[in-house]
Structures are given as C-alpha cells and as structure tokens.
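This report refers to the structure that appears directly beneath it.
The values are calculated or read from the model by the stated rules, or taken from the named source; none is laboratory data. A quick note: this is a predicted structure, and the numbers were derived from the prediction, not measured. Don't worry about glycine lacking a Cβ; one is built from the backbone with ideal geometry, like all the others, and counts go over all protein chains shown.
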Amino acid sequence: MRDAAEVHIVTVSEDKEGSSPDELAQYLARHGIEAQTRRQPADDASIAEALVAAANDLGAAYIVLGAYGHSRIRETILGGVTQEMILQSPIPMILAH
C-alpha cells in the first residue's frame, strides 16, 4: 500500500450514521501510508454494489477487503458482502481475514 499512488478507505452504511474510517486512516498514517476517507451511502444498492460504485468513482485499480465469515444459516438467509464481492466485483481484490 505504501507504493500506491492513492489509498482510499471507503465505508458503506445503510444509514447515514455509519462508523468512521478515521481510526483506520490514523493507523495507516502511523505506518507511512496516507489515506483519504469516504463514506458511501448504500441508498437502494447492496453494500457490495455500493463498494464497487465507490471504487469505480475513485478509479481504483484494486479493492482491499476484509473477508469475514458468518454462520452458514445467516449467510444463506441474509447473504454476505464478501461472497457478493467475490461473485460480482469487476475490480481485482485482495482479501484479508
């Protein structure tokens, strides 16, 4: 990430009061990585669709995504952002758990 021309931290919230990405930006800054933050409202899109839209708007070459799993029953009923991103993202991803 240090070699990236730009680093953007995007959070997607289904409501307008999502969590702040500022702590992550401060963490990265301590490691020599300057990052810009952005809140992306989900509006009528899924969280994965909103993330891809933000990445497209920013001209992202890659998406770095935390890949966290939930119980199979929960993901079967509600779906999962990680799974949706893997299936639908047109932008290459780096996944971390």
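Brief remarks follow.
- For the range 7-37, a residue qualifies if it is at pLDDT 90 or above, assigned to a strand (DSSP E or B) and touching a helix residue (DSSP H, G or I) at 6+ places or on another chain (Cβ under 7 Å), and the qualifying residues are His8, Ile9, Val10, Thr37.
- Within the range 25-50, the set of residues being of a type in the set (A, V, I, L, M) and either loosely packed, with under 15 Cβ neighbours inside 10 Å or more than 13 Å from the chain's Cα centre (by Cα) (or both) comprises Ala25, Leu28, Ala29, Ile33, Ala35, Ala45.
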